[in-house]
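The values are calculated or read from the model by the stated rules, or taken from the named source; none is laboratory data. Model, not experiment: these values are computed from the prediction. Glycine gets a Cβ as well: all are built from the backbone with ideal geometry, and neighbour counts include every protein chain shown. These accessible areas exclude ligands, DNA and RNA; they are computed on the full protein's heavy atoms, side chains included. Shrake-Rupley method; radii C 1.70, N 1.55, O 1.52, S 1.80 Å.
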Amino acid sequence: MTTLLLIKTSLNALSSNKGRSALTILGIVIGVAAIVLIMSLGAGAQTVITSQLGGLGADLVVVRPGRQPTGPSDFAQTLFANSLKARDVGLLKQKTNVPDLIAAVPALVVPGSVTYGSYTSHPEVLGWSAQFMGDVFGVFPEQGEFFTQADIDAKASVVVIGSGVAEDLFGFNDPIGKNVKIGDRNFRVVGVLPSKGQVSLFDLNKLAIIPYTSAQTYLLGIDYYHEVMVRASSPGAVPRMVEDITLTLRAAHRITDPAKDDFFVVTQQGIVEQVQTILSALTAFLTMVVAISLVVGGIGVMNIMLVSVTERTREIGLRKAVGATDSDILRQFLIEAIFLTVAGGIAGVLIGSSLGFLLTLALGSVLGIEWTFTFPYVGALLAVGVSMLVGLVFGIYPARQASRKNPIEALRYE
Amino acid sequence: MDLIDVRRLQKSYETGEVQTGVLHGISFTIKKGEFVSIMGPSGSGKSTLLHILGFLDRPTKGEYYFDGQQAGAYTSQESAKIRNNRIGFVFQSFNLLPRISVLENVKLPLLYSDVPENEWDARAARAVEEVGLSHRMHFQPSQLSGGERQRVAIARALINDPDVIFADEPTGNLDSKSGTQVLELIDDLHNNGHTVILVTHETYTAEYADRVITLKDGLLESDRKIERRNHGGLLK
């Protein structure tokens, strides 16, 4: 019997019981739809994050204390590492050490909220140089102005706040010149950032910037930095500059073995690669979890195929009596099972990608970002291929049962 | 040459440790073109004998030569091939597939044959015509009467132009009128040169044959030729 005929025969058998066929493949449909959905969202997220991180600036690198984190415990030690101090920044700024450097600015993260009278706001409070924001990201105050290097040197108690923070604390009143409380200390508002939303890694609306020296002295009581942002003269100079920074800091910290470095340099390229690695791993993990549901779906198909074989015992007997070989019967039932699961796979791809498309539209409009839908070609092909495999694996047992039926017994079966 | 030649045929079934003998050594020959009835009370082993002769089962002991070839030597695949193109079966309960048309049912053996696909429809249509059901060609089995269903089954048995037609109680589920029609159709096949082996327990059915083999308790009780009676054939 030719394969084409077998397919026709199988189609006839399946279409004579449409409702049950549809229910049988439901498990496969859901499993494949979930896989395709996850893969399409994962690919979309990667594009979004990559383009967002691209905003960090290709000429910018960040020097962090501690070891390059490779696991959760490494992240913890980074927070408490105290290896980057004012002396290091001074050394980096010397032209003889790092010739490609045009700016180096320390940064600290200050926990806590900002209050004004009875009003409270919860922005991200950074000990930083506000001017750097203008230099690197081209963002300048909407009202007032940035604090200056002189303010930083004098450890002035001044703050630049985001528009969201201003609204939280002052409503429609003018915030410039008012004193807000961060921790236990009063800071005078000198500038308000424009409401631009997300810029690079910062949500401008929810930001409060104070001089890093003030953050160290009044709020954190430490003499080291959480990180140092360094800008190169051009994106092309970044690799050479990273090399120079590494050599300078190693010499300053008397480190001979690179494995014992107490700092690391993060580049935009590095972050993008890291995030992509994490996202790919996450997508792969989710896909594997969902793949288990395909196995469950396969067991469902096997069950129904077994029922179907029993129901069609007489048919099998008759086919054998008129000349069907064991392998004809085996192939007929196997093709039925594969047909079921592949149909389920294709339906799953259609449903999964439609859901992915709709979710992309929804996420894009809710988050206000450009999130484009990516059809996961590889994932779709893979899912249909795996469905076929599931049909083969879980169809073989019922098909064997069918092919081994004794024609006499089968014909007698009522 | 003898079409069928069985020698000391034995068949027993094992159920757990109990062995039940069904056939205890049966020998006879059937020539091409004969119309033989196999008779006997239920439990006499006539169905088992028919299954062995029809390549649906194998004997426990003894030899079966089909057209000069030792049947025991065939693989299950070769047996399937013989069932397909040298044997036609007609069953008591018709065994038509539901939900497909008369024509498709008649075509079924062709699916497993070497006949090219473009000849199937014409061949099946001719077979349906031969049993006088051209007007029912596209009906489903459930829309037919019992007699019509059995005629469809006969058309299906004929489609590959077999050497021998085995009919296992073909009138068992029919009223006497349609039973007679079916028997006369089978008689016509015989008159057209087909070898027919009919299993029955009804004497009047058996007497369409020109030879009656009677079994009792798994042994051959009698084997007699009978005077050919003159039946008015349906398709004459």
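For first residues located in region A:92-108 and open to solvent by 30 Å² or more (accessible area, probe 1.4 Å), partners that are part of a loop (DSSP other than H, G, I, E, B) and of a type outside the set (D, E) and lie 6+ apart or on another chain with Cβ distances below 9 Å form the pairs A:P99/A:S233; A:I102/A:S233. Of all residues being within 14 Å of chain B (Cβ to nearest Cβ) and open to solvent by less than 10 Å² (accessible area, probe 1.4 Å) in region A:329-340, which is nearest to A:L23 (Cα to Cα)? Just the residue, please. In this case the residue turns out to be A:Q332. Do the conditions hold for B:S113, that is, is it of a type in the set (G, A, S) and either more than 10 Å from chain A (Cβ to nearest Cβ) or under 18 Å from the mean Cα position of the chain (by Cα) (or both)? No: the conditions fail for B:S113.
In the set (1) more than 30 Å from B:S76 (Cβ to Cβ); (2) surrounded by fewer than 19 Cβ atoms within 10 Å (Cβ to Cβ), the condition left unmet by A:L389 is number (1).
Please determine whether any residue of region A:326-335 is modelled with pLDDT of 90 or more, over 50 Å from the mean Cα position of the chain (by Cα) and not in a helix (DSSP H, G or I). There is no residue in region A:326-335 that is modelled with pLDDT of 90 or more, over 50 Å from the mean Cα position of the chain (by Cα) and not in a helix (DSSP H, G or I).
Within region A:175-226, the set of residues being of a type in the set (D, E, K, R) and open to solvent by less than 60 Å² (accessible area, probe 1.4 Å) comprises A:D203 only.
Looking at region B:95-106, which of the residues that are surrounded by fewer than 22 Cβ atoms within 10 Å (Cβ to Cβ) and more than 9 Å from chain A (Cβ to nearest Cβ) is nearest to B:A122 (Cα to Cα)? The selected residue is B:L103.
Taken together, the residues in region B:152-177 that are polar (S, T, N, Q) and touching an Asp or Glu at 6+ places or on another chain (Cβ under 8 Å) amount to 1. As for region B:7-14, it holds at least one residue that is among the aliphatic types (A, V, I, L, M), at pLDDT 90 or above, at negative phi and outside the structural domain of B:I213 (by TED's automatic domain parsing). The sole residue among A:V290, A:V307 that is modelled with pLDDT of 90 or more and more than 14 Å from every other protein chain (Cβ to nearest Cβ) is A:V307. Take the conditions of a type outside the set (D, E, K, R) and under 22 Å from A:L286 (Cα atoms) and apply them to A:T360. Does it pass? Criteria met by A:T360.
Which of the residues spanning region B:17-66 are within 14 Å of chain A (Cβ to nearest Cβ), within 17 Å of the chain's Cα centre (by Cα), open to solvent by 10 Å² or more (accessible area, probe 1.4 Å) and among the β-branched types (V, I, T)? Answer for region B:17-66, where residues must be within 14 Å of chain A (Cβ to nearest Cβ), within 17 Å of the chain's Cα centre (by Cα), open to solvent by 10 Å² or more (accessible area, probe 1.4 Å) and among the β-branched types (V, I, T): just B:T48. A residue that is over 19 Å from A:K196 (Cβ atoms) and either in contact with a Ser or Thr (Cβ under 7 Å, 6 or more places away or on another chain) or in a helix (DSSP H, G or I) (or both) cannot be found anywhere in region A:139-147. Out of A:V61, A:V89, A:V29, one residue alone is surrounded by fewer than 20 Cβ atoms within 10 Å (Cβ to Cβ) and either modelled with pLDDT of 80 or more or assigned to a helix (DSSP H, G or I) (or both). It is A:V89. Cβ-Cβ under 6 Å, sequence separation 6+ or interchain: first residue in region A:123-151 and on the phi > 0 side of the Ramachandran plot, partner among the hydroxyl-bearing types (S, T, Y) and open to solvent by less than 10 Å² (accessible area, probe 1.4 Å). Which pairs? Final answer for the pair search is none. Looking at region A:187-239 only, could you name the residues that are in contact with a Pro (Cβ under 7 Å, 6 or more places away or on another chain) and over 17 Å from A:V109 (Cα atoms)? Hits for region A:187-239 are A:V189, A:G191, A:V192, A:L193. Please find, within region A:364-395, the residue that is nearest to the chain's Cα centre (by Cα) out of those that are farther than 20 Å from A:T341 by Cα and touching a residue at least 40 places away in the same chain (Cβ under 8 Å). So the residue we want is A:W371. Of the strands (runs of 3 or more DSSP E) lying entirely inside region B:173-225, those containing at least 2 residues that are surrounded by 21 or more Cβ atoms within 10 Å (Cβ to Cβ) are B:195-199, B:211-216.
For every residue, the table says whether it meets (1) under 18 Å from A:L11 (Cα atoms); (2) of a type in the set (D, E, K, R); (3) in the same structural domain as A:R20 (by TED's automatic domain parsing).
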site	(1), (2), (3)
A:M305	yes, no, yes
A:Q332	yes, no, yes
A:L355	no, no, yes
A:T360	no, no, yes
A:E370	no, yes, yes
A:L381	no, no, yes
A:Y397	no, no, yes
A:R400	no, yes, yes
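Checking each residue in region A:152-165 for being part of a helix (DSSP H, G or I) and open to solvent by less than 10 Å² (accessible area, probe 1.4 Å) picks out A:I152, A:V165. Of the listed requirements (1) closer than 22 Å to B:V36 by Cβ; (2) surrounded by fewer than 21 Cβ atoms within 10 Å (Cβ to Cβ), B:L144 misses just one: (1). When region B:72-86 is limited to residues that are surrounded by 19 or more Cβ atoms within 10 Å (Cβ to Cβ) and more than 20 Å from B:H194 (Cβ to Cβ), the one that is nearest to the other protein chains (Cβ to nearest Cβ) turns out to be B:A80.
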